[in-house]
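Novice: My structure is below; once you've seen it, I'll send some questions.
The values are calculated or read from the model by the stated rules, or taken from the named source; none is laboratory data. Since the model is a prediction, treat every value here as computed from it, not as a measurement. Backbone-built Cβ (ideal geometry, glycine too); neighbour counts: all protein chains shown. Accessible surface areas use protein heavy atoms only, side chains included; no ligands, DNA or RNA. Shrake-Rupley method; radii C 1.70, N 1.55, O 1.52, S 1.80 Å.
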Amino acid sequence: MAIPAARPVLLVHAGAWDMPEAERGPHRAACTAALQAGWAALLRGARAVDAVEQAIAVMEGDAAVNAGTGSVLTREGWVEMDAGIMDGATQQVGALMGLRTACHPIRVARSLLGAEHVLLGGSAAEQAVRDGGHATQAPEAFITARERARLAAWQADAARRAPGGCFGPRAPSGAQPADTVGAVALDMQGRLAAGLSTGGACGKPSGRVGDAPIPGCGYWADEEVAVACTGWGESILRVGLARHAADLARSAGAEAGARGSVSVLAQRVGGLGGLILLRRDGTHACAFNTPRMARGWMQQGMTGPAADA
Ligand code: ASP
């Protein structure tokens, strides 16, 4: 089917949570830099999926956010990263769980599009990093002083160590660091794509996987809608948030899809989080039920990227 030309649009996010004032500027800056890189790719005629990869790779390289270096730590004190990407034109997916050495998990995920196996964890995930010749660094190099301090605070909080998961048996307050990064793009050929990259949840047990690498939960893209989520991963998994938002936006429009699905997240499972959503007609929306969400967008007619946190 011929896909008509479209005006490119790019949205990014850097997490939905109760972000301290001092972190707002660095999160806005991360979004702006990601938009500049992804937008340049779109203007060169790149596929939406390549623009998503470029934008997310920039944020993975920014220690201010929870992806790549600067990721949150497991309760054992290590970084384990999840990432996923989806090409809406082909509905191909690439995703990895628990990476420990890849500098850019999103690039590894991108390399799995069209591969035999699309969701890899454990030794298969690390093998994909090696086979693809992807950039790596020692596990220690991902750990920042900020995240050591956050983990120490988490360990000191007995309530968060209660059985029931990294957030405890109940929903987190929203103060839990949740600055996962994501992007959705529409390219000049009218193709959509979505992707996410994250260190997951602070204090998670080694091996815990959230929504970020799971298509339909953390992210989704088809020929009509692309969505990238962030927030309390366990709740997002339980409602299949990204697919739910896409289906709602298909029939009700971008704004209603974004807001309606975040309402469902809150009402059905007491969830917390947010999402960015983009339709093939170029309409887009962002919704969240946390105190703050870092996000930004760029489209034709704007003199530069817009970002807020
Ligand atoms: N959703 C991510 C997770 O639960 C965390 C985040 O969005 O920051 O792994």
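Residues are listed down the side, and each one gets a yes or a no for (1) crowded, with 24+ Cβ neighbours inside 10 Å; (2) of a type in the set (Val, Ile, Thr):
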| position | (1), (2) |
| --- | --- |
| 183 | yes, no |
| 189 | no, no |
| 201 | yes, no |
| 209 | no, yes |
| 227 | yes, yes |
| 240 | no, no |
| 246 | yes, no |
| 257 | yes, no |
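Novice: Could I ask something else about it? Can you confirm whether segment 183-194 contains a residue that is closer than 30 Å to residue 77 by Cα, within 12 Å of the ligand (Cβ to nearest atom), at pLDDT 95 or above and out of contact with any His (no Cβ under 8 Å at 6 or more places or on another chain)? Steps first, answer last, please.
Specialist: Step one: of segment 183-194, the residues closer than 30 Å to residue 77 by Cα are 183, 194.
When the remaining residues are screened for being within 12 Å of the ligand (Cβ to nearest atom), the result is none.
No.
Novice: For residues that are buried (at least 18 other Cβ atoms within 10 Å of the Cβ), at pLDDT 95 or above and not in a helix (DSSP H, G or I), tally how many sit in segment 135-171.
Specialist: The number of residues fulfilling the criteria is 1.
Novice: To continue, here is another question. Return a yes/no flag: does segment 32-49 have any residue that is within 16 Å of the chain's Cα centre (by Cα) and either within 15 Å of the ligand (Cβ to nearest atom) or charged (D, E, K, R) (or both).
Specialist: Taking every residue of segment 32-49 in turn, none turns out to be within 16 Å of the chain's Cα centre (by Cα) and either within 15 Å of the ligand (Cβ to nearest atom) or charged (D, E, K, R) (or both).
Novice: Given the condition free of Cβ contacts under 8 Å to residues at least 60 places away in the same chain, within 16 Å of the ligand (Cβ to nearest atom) and either assigned to a helix (DSSP H, G or I) or out of contact with any Gly (no Cβ under 7 Å at 6 or more places or on another chain) (or both), answer yes or no: does some residue in segment 71-93 qualify?
Specialist: Scanning segment 71-93 turns up no residue that is free of Cβ contacts under 8 Å to residues at least 60 places away in the same chain, within 16 Å of the ligand (Cβ to nearest atom) and either assigned to a helix (DSSP H, G or I) or out of contact with any Gly (no Cβ under 7 Å at 6 or more places or on another chain) (or both).
Novice: Search segment 1-26 for residues that are within 13 Å of residue 294 (Cβ to Cβ) and open to solvent by 50 Å² or more (accessible area, probe 1.4 Å) and pair each with any residue that is at pLDDT below 90 and of a type in the set (A, V, I, L, M) when their beta-carbon atoms are under 7 Å apart and the residues are at least 6 apart or on different chains.
Specialist: 18/175
Novice: State whether the residues of segment 198-211 include one that is in contact with a helix residue (DSSP H, G or I) (Cβ under 9 Å, 6 or more places away or on another chain), part of a strand (DSSP E or B) and within 16 Å of the ligand (Cβ to nearest atom).
Specialist: Checked segment 198-211: at least one residue is in contact with a helix residue (DSSP H, G or I) (Cβ under 9 Å, 6 or more places away or on another chain), part of a strand (DSSP E or B) and within 16 Å of the ligand (Cβ to nearest atom).
Novice: Which condition number does residue 236 fail, the rest of (1) away from the ligand (no atom under 16 Å from the Cβ); (2) open to solvent by less than 50 Å² (accessible area, probe 1.4 Å); (3) out of contact with any Lys or Arg (no Cβ under 6 Å at 6 or more places or on another chain) being met?
Specialist: Going through (1) away from the ligand (no atom under 16 Å from the Cβ); (2) open to solvent by less than 50 Å² (accessible area, probe 1.4 Å); (3) out of contact with any Lys or Arg (no Cβ under 6 Å at 6 or more places or on another chain) one by one, residue 236 breaks only (1).
Novice: May I ask you to say which residue of 124, 115 is at pLDDT 95 or above, open to solvent by 10 Å² or more (accessible area, probe 1.4 Å), small (Gly, Ala, Ser) and assigned to a helix (DSSP H, G or I)? Talk me through it step by step, then tell me what you get.
Specialist: Details: 115 fails: assigned to a helix (DSSP H, G or I).
Only one candidate passes the filter, namely 124.
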